[in-house]
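The values are calculated or read from the model by the stated rules, or taken from the named source; none is laboratory data. Quantities reported herein were computed from a predicted structural model and do not represent experimental measurements. Neighbour counts run over all protein chains shown; Cβ positions are idealised from the backbone, glycine included. Protein only, heavy atoms only, side chains kept; ligands, DNA and RNA dropped before computing areas. Shrake-Rupley method; radii C 1.70, N 1.55, O 1.52, S 1.80 Å.
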Amino acid sequence: MIPYNFDYEKPSSFSEAISIYEKWEVDGKNPIYYCGGTEIITMARMDQIQTKGVIDIKGMPECLDFGWEKDQLVIGAAIPLAKLEEEKAFPLLSRVCNRIADHTSRCKITIGGNITGKINYREAVLPLLVADATCVIASKTGMKQIPIHDVFDGKVQIQPPEFLLQVRVERKMTTLPYLSEKRTKIDRIGYPVVSLAAIHAEDGIRIAFSGLCTDPFRSLSVEEELNNRSQSLESKVQSAIEKISVPILDDHHASSAYRKFILSNLLVDIIKEFDEVSE
Amino acid sequence: MNRQIHLNINGEEKSVYIRNADTLLTALREQLGLTGAKPGCENGDCGACTVIIEGMPQKSCIMLAVEGIGKQITTIEGLNNTPIQQAFLEKWAFQCGYCTSGFIMNCHALMEKHPDAEDVVVENWLQSNICRCTSYQEIKEAIHSVLSKNS
Ligand SMILES: Cc1cc2nc3c(=O)[nH]c(=O)nc-3n(C[C@H](O)[C@H](O)[C@H](O)COP(=O)(O)OP(=O)(O)OC[C@H]3O[C@@H](n4cnc5c(N)ncnc54)[C@H](O)[C@@H]3O)c2cc1C
Ligand code: FES
Ligand code: FES
């Protein structure tokens, strides 16, 4: 049971949501945007977040949009992962979503919540990073479109009252060869020891990781090593791992040496598989 | 402060007094006496609290009751002699029974959405529920007996 109560509103437009946020902030309610709500409920139950005002963003049409707009796939922030998994409009995203939590939870967890949540893994962002997605942000002056690399730096850098309304992906990115792998400590379902998503674009392999370091990331210098044709397979992988500039996690899920071992095997497999596709 | 809301549960309009912070699980059990949805982990991990909302399984411990306004909510009390309930009895797909209503709700939603589900789909959906008594083999047999009748 959540040990405190809060006000709850479900506005039907993003401008209304922003107005409520601003008003509640002045009133000292410490407002919070609510999408799938799974993280908010579980953290509130344990008193890890405090709020007196919950703004449910599932009532606004932009957040529920899902489909093609010319050559862009539009995904509303409130679309549940189970829908993305089933629809397969962006097959790499479908595959990654299929490995986040379990199916029933995925009927509630949303893409917006997964990317912006406090739980560090944020696996749904990996396909968006390699596909150079665009984020649509709701702001006081209207909707803003910003490249994901300018918004996401391990965490989403959006300052309330602004919030994430949609993500958009170019059609050509959704048709490229792709691979994704996830390893957990024990079971099929669980937080990742290593989770990765990759595509083979014209400029070579693009790859993003979660579970490996504190926050998810895509690194151009790692990709440069993986695409270096002058090196052998083993030395490409070795140099790529050396280019990871943040510490590799060492926690109760896995030691950093074990994570590196898994990563190196996965990278070898991925390069080989992409080589076979492109031959 | 409690407030009155209306929820459509098992085809009937019900009036409930809740706090905005109450989960659907709490509202069902403590306000409506519908105790079929069980509290297990209350953290989204075990599936004992599963209900069906608009045809899809949902864990009622990670959903606020207010989110249910305007939605068709089905609990185990709303199922009557469905093929999957019969199959659970025939195959003895339970021991203590604590997880059973959650499993049945998930299986029922699956059968309705994918009446000829392949093994990979069944596994994907059913991994959402945990049975501490490890009745997994019998649960699998129960689902497959309904699926084979469907085909
Ligand atoms: C059983 C279970 C298993 C899980 N397993 C995994 C896993 O394997 N991998 C993984 O990556 N994650 C996993 N998670 C974590 C889950 O993906 C995150 O907690 C995610 O935040 C939940 O999404 P939600 O839509 O329910 O978010 P909410 O609870 O609605 O929100 C989470 C946070 O994000 C903010 N927020 C939400 N939407 C927006 C928006 N549009 N704009 C700005 N801020 C916003 C909220 O204010 C809040 O702080 C799991 C969660 C559960 C319950
Ligand atoms: S009680 Fe809801 S998932 Fe365990
Ligand atoms: S029958 Fe006891 S938990 Fe499943």
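How much length would be gained if the chain were fully extended between A:LYS144 and A:MET43, taking 0.36 nm per residue of separation minus their Cα-Cα distance, in nm to one decimal?
33.4 nm
Give the cross-link partners of A:LYS58 among the lysines, using a straight C-alpha distance below 16 Å as the criterion and excluding same-chain residues fewer than 8 apart. Answer for A:LYS58, where 16 Å is the Cα cut-off: A:LYS10, A:LYS83, A:LYS108, B:LYS71, listed by chain and number.
Taken across both chains, chains B and A shield about 2300 Å² of accessible surface from a 1.4 Å probe. Local charge for A:PHE152 was computed over the other residues whose Cβ lies under 12 Å away, with Lys and Arg +1 and Asp and Glu -1, and equals -1. Inter-chain Cβ neighbour count for B:62-69, averaged per residue, equals 5 (cutoff 10 Å, partner chain atoms only).
The angle between the Cα long axis of helix A:233-242 and the main principal axis of chain A comes to about 40°, on a 0 to 90 degree scale. Counting, for every residue in A:43-53, the Cβ atoms of other protein chains within 10 Å of its Cβ and taking the mean gives 1.
When you look at the Cβ of every residue in B:41-52, what mean number of other chain Cβ atoms sits within 10 Å?
3
Between helix A:14-26 and chain A, what is the angle of the helix's C-alpha long axis to the longest principal axis, kept within 0 to 90° and rounded to the nearest 10? In chain A, helix A:14-26 runs at an angle near 70 degrees to the longest axis.
Sorting check: for A:19-30, A:129-140, which peptide has the highest mean count of neighbouring beta carbons within 10 Å, and how do the rest follow? Before the final figure, lay out the partial values.
Details: A:19-30: 14.8, A:129-140: 21.1.
For the peptides A:19-30, A:129-140, the packing ranking is A:129-140, A:19-30.
Here is the tail figure for the range A:19-176: Cα pairs spaced more than 19 Å apart come to 52 percent of all pairs.
With kT/(6 pi eta Rh) evaluated at 25 °C and eta = 0.890 mPa s, and Rh the Kirkwood radius from Cα pairs, the range B:83-150 diffuses with a coefficient of 211 µm²/s according to Stokes-Einstein. Zone of B:GLN137 (label point 7 Å along Cα→Cβ, backbone N under 15 Å): which residues in the range B:70-114? Once the point is set 7 Å along Cα→Cβ of B:GLN137, B:91-95 turn out to lie under 15 Å by backbone N, inside the range B:70-114. Direction-averaged projected area, Cα convex hull, the range A:7-56: 3.2 nm², rounded to one decimal. Reducing the range A:191-235 and the range B:15-58 to their Cα centroids gives an inter-centroid distance of 42 Å.
Here each label is just a point 7 Å from Cα along the line to Cβ, and for B:TRP92 and A:SER264 those points are 5.2 nm apart. When only alpha carbons of the protein assembly as shown are considered, Rg and Dmax amount to 22.5, 71 Å.
So what is the 222 nm mean residue ellipticity for chain A from helices alone, if each DSSP H run of at least 4 adds -39500 (n - 2.57) and you divide by all residues, rounding to the nearest 500 deg cm²/dmol? Please list the in-between numbers first.
Details: 13 runs with 104 residues, N = 279.
Taking each H run of at least 4 residues, the total per residue is -10000 deg cm²/dmol.
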